[in-house]
Every structure is written in structure tokens, then in C-alpha cells.
Amino acid sequence: MILSRTYRILIVMLLALALPGASSFCAHAEDDAVTSAAIQPVSPVQTDSVSAHTGLEMPSDSAARADAAPMVAGIAPEAEPFNPKKMVMEHLADSYDWHITTFKGRHISIPLPVIVKSSTGWHVFMSNRITGGGTYKGLYIAKEGSHEGKIVEDVDGDQRRPIDISLTKTACGILVVCAIMLVLFLTAARAYKKRNEVDYCPKGLAGLLEWLIDSILDSVIKPCVGENYLKFAPYLLTAFFFIFCSNLLGLVPFFPGGANITGNIAVTLVLAVATFLAVNLFGTKEYYKEIFWPDVPVFLKAIPLMPVIEFIGIFTKPFALMMRLFANIMAGHSIILSISCIIFATAHLGAAVNGSMTAISVLFMVFMNCLELLVAFLQAYVFTMLSSVFIGLAQVKHEE
Amino acid sequence: MELSSVAAVLSAALAVFAAAFGISKIGKAAMEAISRQPESAGNIRTSMIIVAALIEGVALFAVVICFMAL
């Protein structure tokens with residue numbers, strides 16, 4: 001019963017995800033081939049290798065976005081070398097469209113809505129108007145400078161950032177994660193509501209989720225938070241599953257995944273701020289007394305040495321949470337991308353070298369992906385555990 | 001390469017080295033404790049992860065500073 005419903009929901013979800021994408025597939029490369037060729041350095045080496053290794057290349061490869069348009073057969077002598085740093089950075093960064101693949105020089109990507117307030121007022125339009133290098137109402141994507149890759153406008157001769165609340169790739173990825181979590185947990189909740197004496201034990205999806213939730217609740221939240229753990233369990237479990245789903249989706253290289261969600265410092269900042277609020281808004285009187293007037297000799301408090309250190313400690317804890325998640329996921333993604341860069345960087349060295357390096361690269365990539373699966377769980381676990389510990393530390397009761 | 005980026009890279013290496021040293025000591029102590037008292041493996045693992053995360057936090061501060069200096 002549950003399984004069949006799960007399948008149905010999965011199919012509906014896949015359709016819902018695929019349809020807007022299919023209806024608005026855009027191929028904006030060809031029109032802008034001339035402009036992009038003029039602005040961006042053409043790299044036929046890379047273009048060549050991309051088409052040669054389509055099977056091995058990550059499908060969300062956007063490095064070839066502008067470069068792949070002018071297909072050049074063979075290697076031009078003035079070819080610019082493949083730039084791994086630029087390719088890795090482009091994959092890690094947020095973008096205005098969701099690039100899926102480049103097929104025979106055409107970019108297949110899903111345009112996302114751009115919402116900006118420029119000097120001429122609010123503008124809402126789809127990103128395929130500007131991602132190919134176009135300009136729409138004075139707005140365009142900066143190719144270089146401090147706002148590289150962001151929407152800018154020219155005001156009085158210098159580039160200026162408008163107020164930008166666009167639905168970017170990362171924001172879209174968050175929505176996908178939310179949809180997946182809603183489907184998972186609402187299905188499980190319905191299975192719980194419908195159970196009876198005969199069929200009491202949860203099965204299928206609900207059973208899996210019960211096992212996961214119970215293990216996190218019993219091994220992390222209960223011992224770390226303390227007696228009133230039920231008050232904080234909803235937040236901590238939500239944070240755990242959000243981070244876990246985002247990490248896993250970040251490892252999937254093709255469309256519904258591929259967005260670098262928890263490797264975006266803004267996302268981890270919001271998560272850390274949520275923990276900061278949970279710790280400090282629900283902190284007891286004793287918690288604040290320990291910070292501002294601890295039980296230490298008076299000279300340590302008169303010159304406010306201890307209180308200052310403790311006060312800074314309030315902010316360093318969530319800061320470390322933010323940096324840990326961001327840096328771990330970011331590092332994992334860049335390692336995988338760098339390993340895949342080996343293929344393209346050795347493309348001009350001939351078939352033997354390139355072939356063997358490709359084999360090595362694929363082996364390493366499989367290994368790194370397995371490691372990243374572990375990291376995906378571990379970072380969600382560590383975030384939840386440290387949040388629980390910080391919340392538990394703020395729940396001190398005065399010992400009688 | 002500029003001198004400042006050399007310094008940044010070297011200090012990042014130093015920070016990672018120190019963090020690895022600290023975490024290795026925790027891991028060693030935890031392994032020994034678990035082998036001595038296998039029944040309290042869960043508690044030891046929890047404390048080990050917390051302490052390792054604290055060390056990692058400091059190391060990440062250092063790496064971020066190095067990254068800004070790069």
C-alpha cells in the first residue's frame with residue numbers, strides 16, 4: 001500500500017519537475033555565438049574534449065557555456081589552455097539559470113526568474129534573456145570585475161548592483177529539497193495516521209524514517225539537550241534532514257540535484273542563525289548569569305575579562321557551525337570537480353596519456369563520491385549534535 | 001607568486017597540521033578507551049565527535065583567515 005503510493009508520488013513529483021523544464025528548455029547559445037566568442041576566450045581544446053568524453057563529463061558542466069558555441073574541429077594553435085580553476089569556481093558558484101548539459105554546442109538549461117529592483121524600478125523576467133550575454137532593460141551579467149557573474153546595470157558609467165532577490169539555482173535547489181522533504185514526511189505521517197491493530201508496525205518509507213528519526217532522537221538530541229528535549233526536537237530534526245537531503249542532492253550531478261546548497265555560505269549562515277536564536281532565545285536565567293556574572297573571583301569580573309570572552313563565545317559557536325558545514329561541502333565538491341578536471345587538462349597530451357588519466361580520474365571520482373556520501377551524513381549529524389549541545393548548555397538549571 | 005600568498009598557503013598547511021595532530025590524539029584516546037570499555041563505546045564516540053568538531057572549528061577559522069590573505 002505505502003510503497004505503491006510512494007511510487008505514485010515519486011512519479012508525480014518527477015513529472016512536476018520535468019514539465020516546467022521541458023516546456024521552457026532554452027537554447028540560447030547559437031544566437032549569441034558571435035558575442036560570446038568576442039567576449040570570452042574561445043577554448044577549442046576543452047570543447048573538443050567535452051565532446052569526446054560526453055559519457056564521463058559531469059552533465060551539469062557549465063564551464064563550456066560560452067566556449068562550446070563555436071565548434072572548432074581540431075586544436076587551433078592559438079588555443080587558450082583549459083582553465084581548471086575557472087571551471088571549478090563556475091560549478092561551485094550560484095547562477096541565474098540551471099544549466100543541464102551542453103549538447104553539440106547548444107546549451108540546454110532551465111531559465112529561472114530574475115527579480116531585481118534597478119534604478120528604473122522593479123523588473124521580473126526569465127533569465128534566458130540575459131544569460132547568453134544579452135542585455136534586458138539595462139541589466140546584464142557582469143563578465144569581470146568585482147561583480148563577476150552577477151546581474152549589474154550601468155549607472156553614470158560604473159557598474160552597480162541592483163537589489164537582487166532572484167530565484168537563483170541555489171534557491172531553486174532549496175525548493176526542490178523542501179518538496180522532497182514534504183513528500184517524504186507527509187507520506188510517513190499519513191501512514192502513521194492510518195495504522196490499526198493488525199497493521200501496527202510502520203512499513204516501507206514510514207519504517208525507514210522512523211528508524212532514522214528515532215536513532216537521531218535517542219543518540220543525539222535526548223542526551224545532548226537534556227530533559228526538555230521535546231521542545232527542540234522539531235527544529236533539530238528539521239535541520240538534520242534539510243542538511244542531509246541538501247548534501248545528498250548536491251552529490252547528484254544531474255538536474256534535480258547538482259545545486260551547491262549547503263556549500264553556499266548564505267544557506268549555512270541562515271542555519272547557524274537559526275541555531276543561534278534557538279540557543280539564546282530559550283536560554284535560562286542561569287545561562288545568562290554564567291556569561292555576564294560567572295562564579296569566579298571578582299577581579300576577573302571587575303575588569304570584564306571573563307564576560308567579554310564568554311560574550312564573544314556566544315557568536316563564535318554558530319560561526320564555527322556555519323564555517324564547518326560550508327567548508328566541508330565546498331571542499332568535497334571542489335575535490336570531485338578538480339579530479340574531473342584531470343580529464344580535460346590532459347586532453348591535448350595524446351590518446352595514451354589522456355586515456356590512462358581518465359581511468360585514474362574515474363576511479364578517484366568514485367572513491368571521492370563514496371567518501372562524500374559519508375561526509376554528507378556526518379556533517380548533518382555533527383551540525384545536529386553541536387546544535388543540541390549548545391542548546392543543552394543554555395538550559396542550565398541552578399544546582400540546589 | 002607573491003610572498004603573501006606563499007605565507008597564506010604555508011599557514012593553511014600549518015593549521016591543517018595542527019588540527020590533524022589534535023584530532024589524531026583524540027582518535028587515539030577514544031580507540032584506547034573503547035577497547036578498554038567496549039560497553040561505553042556510544043558515549044565515547046559522541047564525546048569524541050564533539051571534541052573533534054571543536055578542534056575542527058578552530059582550524060577552519062585559521063583556514064578562512066589564510067583564504068582571505070591569499
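One table, with the values for the structure above:
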read-out	value
Search result, residues across region A:270-284 that are touching a residue at least 60 places away in the same chain (Cβ under 8 Å) and either outside the structural domain of A:Leu251 (by TED's automatic domain parsing) or open to solvent by 80 Å² or more (accessible area, probe 1.4 Å) (or both)	A:Phe282
Set A:Glu148, A:Glu144, A:Glu210: member being of a type in the set (Asp, Glu), over 22 Å from the mean Cα position of the chain (by Cα) and within 29 Å of A:Leu92 (Cβ to Cβ)	A:Glu144
Some residue of region A:364-378 being more than 24 Å from the chain's Cα centre (by Cα), surrounded by 13 or more Cβ atoms within 10 Å (Cβ to Cβ) and more than 14 Å from every other protein chain (Cβ to nearest Cβ)	no
Residue count for region B:1-19, restricted to those that are over 15 Å from the mean Cα position of the chain (by Cα) and touching a residue at least 40 places away in the same chain (Cβ under 8 Å)	5
Every pair of residues 6+ apart whose Cβ atoms lie under 7 Å, when the first sits in region A:179-190 and is assigned by TED's automatic domain parsing to the domain that holds A:Ser246 and within 19 Å of A:Pro256 (Cα to Cα) while the second is of a type in the set (Asp, Glu) and open to solvent by 50 Å² or more (accessible area, probe 1.4 Å)	none
Every residue from region A:170-189 that is farther than 30 Å from A:Glu90 by Cα and among the aliphatic types (A, V, I, L, M)	A:Leu182, A:Val183, A:Leu184, A:Leu186, A:Ala188, A:Ala189
Matching residues in region B:20-62 - criterion: being open to solvent by less than 80 Å² (accessible area, probe 1.4 Å), within 19 Å of the chain's Cα centre (by Cα) and farther than 22 Å from A:Ile221 by Cβ	B:Ala20, B:Gly22, B:Ile23, B:Ser24, B:Ile26, B:Gly27, B:Ala29, B:Ile55, B:Ala59, B:Leu60, B:Phe61, B:Ala62
A:Val267 touching a residue at least 60 places away in the same chain (Cβ under 8 Å), within 14 Å of chain B (Cβ to nearest Cβ) and open to solvent by less than 50 Å² (accessible area, probe 1.4 Å)	no
Candidates A:Gly173, A:Gly157, filtered to the one that is modelled with pLDDT of 90 or more and either surrounded by fewer than 13 Cβ atoms within 10 Å (Cβ to Cβ) or not hydroxyl-bearing (Ser, Thr, Tyr) (or both)	A:Gly173
Boolean, A:Glu148 is surrounded by fewer than 15 Cβ atoms within 10 Å (Cβ to Cβ) and not assigned by TED's automatic domain parsing to the domain that holds A:Asn264	yes
From the options A:Pro253, A:Pro223, residue that is open to solvent by 30 Å² or more (accessible area, probe 1.4 Å), under 19 Å from A:Val375 (Cβ atoms) and either within 14 Å of chain B (Cβ to nearest Cβ) or outside any helix (DSSP H, G or I) (or both)	A:Pro253
Subset tally (residues that are among the polar types (S, T, N, Q), part of a helix (DSSP H, G or I) and closer than 29 Å to A:Phe242 by Cα) for region A:122-174	2
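A quick yes/no check of all residues on (1) charged (D, E, K, R); (2) open to solvent by 20 Å² or more (accessible area, probe 1.4 Å); (3) in contact with a helix residue (DSSP H, G or I) (Cβ under 7 Å, 6 or more places away or on another chain); (4) outside any helix (DSSP H, G or I):
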{"residue": "A:Val296", "(1), (2), (3), (4)": "no, yes, yes, yes"}
{"residue": "A:Ile312", "(1), (2), (3), (4)": "no, yes, no, no"}
{"residue": "A:Lys317", "(1), (2), (3), (4)": "yes, yes, yes, no"}
{"residue": "A:Leu321", "(1), (2), (3), (4)": "no, no, yes, no"}
{"residue": "A:Ala331", "(1), (2), (3), (4)": "no, yes, no, no"}
{"residue": "A:Ile336", "(1), (2), (3), (4)": "no, no, yes, no"}
{"residue": "A:Cys341", "(1), (2), (3), (4)": "no, no, yes, no"}
{"residue": "A:Phe344", "(1), (2), (3), (4)": "no, no, yes, no"}
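The values are calculated or read from the model by the stated rules, or taken from the named source; none is laboratory data. What you are looking at is a predicted structure, and each value in this text was computed from that prediction instead of being measured. All Cβ positions, even for glycine, are placed from backbone atoms using ideal geometry, and neighbour counts span all protein chains on display. Remember, those area values only see protein heavy atoms, side chains included, never the ligands or the DNA or RNA. Shrake-Rupley method; radii C 1.70, N 1.55, O 1.52, S 1.80 Å.
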